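The values are calculated or read from the model by the stated rules, or taken from the named source; none is laboratory data. Since we're looking at a predicted model, the values are computed, not measured. Note that each Cβ is placed from the backbone with ideal geometry, even for glycine, and that neighbours are counted across all protein chains shown.
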Amino acid sequence: MTSAAAAAARTILTRLHEVMASRSHAQAKLNTVVEVIGEGLDSEVCSIYLLREGMLELFATRGLAQEAVHVTRMSVGEGLVGTIAANIETLNLAEATAHPDFSYRPETGEEKFHSFAGVPIVRRERAVGVLCVQHVDSRRYEEVEIEALQTVAMVLSELISNAGLVDDEDYGVSSGQTGPELLRGLTLVKGLAGGMAVYHQPRVTIEHVVAEDTEAERQRVYHAFDKMREQIDRMAAQAEFGVGGEHEEVLETYKMFAYDEGWARRINDAIDSGLTAEAAIERVQQHTRMRMRQIDDPLLADRMHDLEDLSNRLLRIVSGQLGTAASKGLRNDTILIARNLGPAELLEYDRRRLKGVILEEGSLTAHVVIVARAMGVPVLGRIRGLRGIVREGDRLLLDSDAGIVTVRPSQVLVEAFEARFAKSRERQAAYAALRDVEPVTRDGTRITVMINAGLRDDMPNLNLTGADGIGLFRTEFQFLVSATLPQRERQTRLYRDVLDAAGDRPVVFRTVDIGGDKVLPYLRHNDGEGEENPAMGWRALRVALEREGLLKAQARALLEAAGGRMLNVMFPMVSEPWEFDAARDVFESQLAFLKRRKKPLPKAIRYGAMLEVPALAEQLDILAPKLSFLSIGTNDLTQFLFAADRSNPKLAARYDWLSPSILRFIRRTLATIAPYDVEVSVCGEMGGRQLEALALIGVGIRRFSITPAAVGPIKELVRKVDIARISAAMNGWLDSPPPNFRAALEDWACAHGITCD
């Protein structure tokens with residue numbers, strides 16, 4: 001906040017402090033408040049709308065018709081005032097009537113006013129009212145004026161709450177809500193878990209908003225910052241995931257926010273305006289939340305969540321309300337509930353008691369998800385309104401595999417879940433017993449079963465599953481969890497550690513696949529901005545070839561890491577042979593450079609490509625002589641074949657891997673590449689499902705790269721298959737497709753003693 005804004009806000013706050021201390025009744029106070037704000041900001045209109053009985057009611061105004069007070073009412077989401085409340089956002093308009101949500105109320109006499117600015121009055125993370133100003137002239141309000149309004153809105157929040165002017169929202173559950181409820185969300189980390197609901201963080205109640213001694217408040221914040229940074233440093237040092245995991249980069253980014261001087265400066269500016277330390281932190285936090293709602297970039301939004309997490313921590317320290325569920329200790333098996341959660345906060349919990357996490361927000365790329373995956377804790381996100389449904393201590397059954405949680409389950413539901421859980425453990429034990437068993441079909445064909453990975457922490461899965469190697473190592477994960485572009489030395493350390501952990505087993509490194517839904521906030525490109533269909537846009541190898549420096553650094557890192565060993569490199573989203581040639585030339589030029597420097601070199605390099613773009617299949621005869629291996633990426637390939645976005649629920653029925661179109665495509669690909677000495681594998685979710693894997697074996701696939709959890713089920717399947725029989729059946733069906741291909745294959749599997757999930 002600038003000095004002008006701080007001065008204006010301080011003047012207003014000083015006068016408001018006198019108003020709040022007076023013995024006037026609440027309505028008289030509000031009538032005085034609008035006069036104080038209007039005069040302080042030199043605004044012709046100042047109005048306060050408060051939430052009563054679910055409607056926003058005009059409670060006080062300076063400049064509008066007094067007859068409209070307690071008469072003008074609008075729904076949340078209706079008009080400009082309703083829009084501000086619904087979205088908890090600020091509006092600043094030079095011409096109010098030009099806004100699509102403008103709603104004219106003739107009783108107010110506002111037709112002569114053109115400019116409009118409004119801010120939400122927020123209490124306990126919900127809008128309980130709106131403060132707005134208007135002016136005859138058409139002009140946008142200055143940023144300093146908006147900031148002053150936002151600061152004043154915090155004081156109003158305390159005033160109207162203490163006066164009981166707004167509806168009191170019970171954040172718990174009404175006594176009538178006692179039966180089972182099923183909630184659906186987004187699977188962030190798969191798994192099953194049961195336990196008692198525990199809220200991560202009790203709400204911090206700010207008792208005093210206006211500062212008596214600004215310097216004393218500043219010192220309280222300085223002390224709180226020091227204490228918070230000590231906590232973060234201590235937790236980062238105690239994280240138990242081994243050395244060098246990507247979670248360490250997550251925590252380093254988190255620490256970067258903790259030491260950010262810009263954040264501390266904004267809080268200091270808010271204190272300068274006359275707020276207490278708690279109110280200043282909350283003021284900046286509200287601004288952060290508003291920014292988060294405007295961010296379309298999911299990765300940048302996740303970084304803002306980290307800052308939100310730190311704000312919560314700082315607020316608890318400065319207020320002395322330090323108790324969290326972690327600090328109090330978990331007494332039972334627990335399902336943790338939070339609006340959002342930072343990675344450091346998750347690390348505070350007893351891993352023996354923490355069974356699962358449910359988030360009101362959350363995303364697949366969030367830092368906390370990466371840490372939770374390393375901890376083996378299932379996470380379900382994107383469940384709104386949890387506080388209105390779930391009570392502290394409620395029993396929860398979390399099925400993150402299916403994306404659901406059952407609240408207060410009946411005994412019948414508990415027994416069914418426990419039976420499923422027990423069956424899951426039995427099956428996992430049976431799959432674990434197959435760890436050292438080779439996947440050989442009944443007629444003696446050895447099937448290669450490899451795993452997909454992307455983090456250092458994924459490497460133990462090689463030994464746990466007995467997989468043949470890593471068929472896909474997603475190198476972009478290191479880029480996604482980093483605050484800045486990973487330097488070549490860091491990349492080299494990661495790749496060397498992965499190869500060391502794999503030992504004699506092969507590792508296929510896919511070069512960085514960014515773009516589309518994997519946007520790096522620190523790496524922007526102009527040509528791809530604002531793409532209408534980013535999945536088919538400027539991404540993967542297309543970006544890498546444009547950013548040749550990026551690919552060169554990765555090539556050199558891989559070559560140096562593989563010194564004395566075999567290096568398998570795969571290029572993603574190859575559409576035409578020249579793209580493969582260009583990428584391979586980058587590696588070869590870096591190899592020549594390292595030779596001149598007499599650096600240790602790989603004993604051999606095998607180059608491969610991913611077949612995801614159908615167009616490449618038409619030129620495989622040209623590309624095949626240059627390939628050592630080809631990986632069919634079924635996830636993207638299928639959506640490109642069907643022009644069906646796999647994330648669109650309306651198209652889910654069309655995204656079926658057991659489609660004659662897909663299976664014919666794969667069979668034709670295998671026939672095209674058969675004359676060449678090229679290994680062909682399937683990489684993606686399709687190969688990790690038993691029924692789909694059965695179909696793939698039937699069309700000729702002998703190599704799979706799948707999730708670690710799917711290795712056991714696929715090994716179990718392979719040992720029941722007779723290749724000659726399933727091949728004959730598949731060829732017959734593909735030549736003359738049945739009406740329901742999936743049903744036909746299921747019937748065949750059951751008839752031949754193969755049970756498929």
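Structure values in brief
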item	result
Positions within the stretch 12-38 being among the hydroxyl-bearing types (Ser, Thr, Tyr) and either outside the structural domain of Val69 (by TED's automatic domain parsing) or under 15 Å from Met154 (Cα atoms) (or both), in sequence order	Thr14
Test for Val45: is it over 15 Å from Leu159 (Cα atoms) and either touching a Ser or Thr at 6+ places or on another chain (Cβ under 6 Å) or surrounded by fewer than 20 Cβ atoms within 10 Å (Cβ to Cβ) (or both)	no
So Ile447, is it at pLDDT 90 or above and of a type in the set (A, V, I, L, M, F, W, C)	yes
Gly466 under 30 Å from Asp504 (Cα atoms) and not β-branched (Val, Ile, Thr)	yes
Arg654 in contact with a helix residue (DSSP H, G or I) (Cβ under 8 Å, 6 or more places away or on another chain), more than 20 Å from Arg542 (Cα to Cα) and modelled with pLDDT of 95 or more	no
Residue match in the stretch 78-88 (condition: under 20 Å from Ala280 (Cα atoms), in contact (Cβ under 8 Å) with a residue 24 or more places away in the chain and outside the structural domain of Asp269 (by TED's automatic domain parsing))	yes
Flag if Val405 is within 19 Å of Arg353 (Cα to Cα) and either in contact (Cβ under 8 Å) with a residue 40 or more places away in the chain or in a loop (DSSP other than H, G, I, E, B) (or both)	yes
Which listed residue, of Ala674, Ala644, is hydrophobic (A, V, I, L, M, F, W, C), exposed (fewer than 15 other Cβ atoms within 10 Å of the Cβ) and in the same structural domain as Met459 (by TED's automatic domain parsing)	Ala674
Glu685, sole failed condition from (1) crowded, with 18+ Cβ neighbours inside 10 Å; (2) within 30 Å of Ala432 (Cβ to Cβ); (3) not aliphatic (A, V, I, L, M)	(1)
Condition met for Val711 (touching a Ser or Thr at 6+ places or on another chain (Cβ under 6 Å), hydrophobic (A, V, I, L, M, F, W, C) and in a helix (DSSP H, G or I))	yes
Any chance Met256 is assigned to a helix (DSSP H, G or I) and either modelled with pLDDT under 70 or in the same structural domain as Ile146 (by TED's automatic domain parsing) (or both)	no
Which numbered condition Ser47 misses (of (1) more than 19 Å from Ala279 (Cβ to Cβ); (2) assigned to a helix (DSSP H, G or I))	(2)
2 or more residues farther than 23 Å from Tyr676 by Cβ and over 28 Å from the mean Cα position of the chain (by Cα): qualifying helices (runs of 4 or more DSSP H) within the stretch 540-640	548-561, 577-596
Per-region count, the stretch 132-154, residues under 18 Å from Leu275 (Cα atoms) and either in contact (Cβ under 8 Å) with a residue 60 or more places away in the chain or among the hydroxyl-bearing types (Ser, Thr, Tyr) (or both)	9
The stretch 564-621, subset without any contact (Cβ under 8 Å) to a residue 60 or more places away in the chain and polar (S, T, N, Q), residue surrounded by the most Cβ atoms within 10 Å (Cβ to Cβ)	Gln590
All positions within the stretch 67-76 that are closer than 13 Å to Leu30 by Cα and either not assigned by TED's automatic domain parsing to the domain that holds Phe102 or not β-branched (Val, Ile, Thr) (or both)	His70
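Per-residue answers, yes or no, for (1) within 22 Å of Tyr141 (Cα to Cα); (2) β-branched (Val, Ile, Thr):
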{"residue": "Gln66", "(1), (2)": "no, no"}
{"residue": "Arg73", "(1), (2)": "no, no"}
{"residue": "Ala86", "(1), (2)": "yes, no"}
{"residue": "Glu89", "(1), (2)": "yes, no"}
{"residue": "Phe102", "(1), (2)": "yes, no"}
{"residue": "Thr108", "(1), (2)": "yes, yes"}
{"residue": "Gly118", "(1), (2)": "yes, no"}
{"residue": "Ile121", "(1), (2)": "yes, yes"}
{"residue": "Val128", "(1), (2)": "no, yes"}
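Matching residues to (1) in a loop (DSSP other than H, G, I, E, B); (2) crowded, with 22+ Cβ neighbours inside 10 Å; (3) touching a Lys or Arg at 6+ places or on another chain (Cβ under 8 Å); (4) at pLDDT below 90:
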position	(1), (2), (3), (4)
Val33	no, yes, no, yes
Gly38	no, no, yes, yes
Glu67	no, no, no, no
Val71	yes, no, no, no
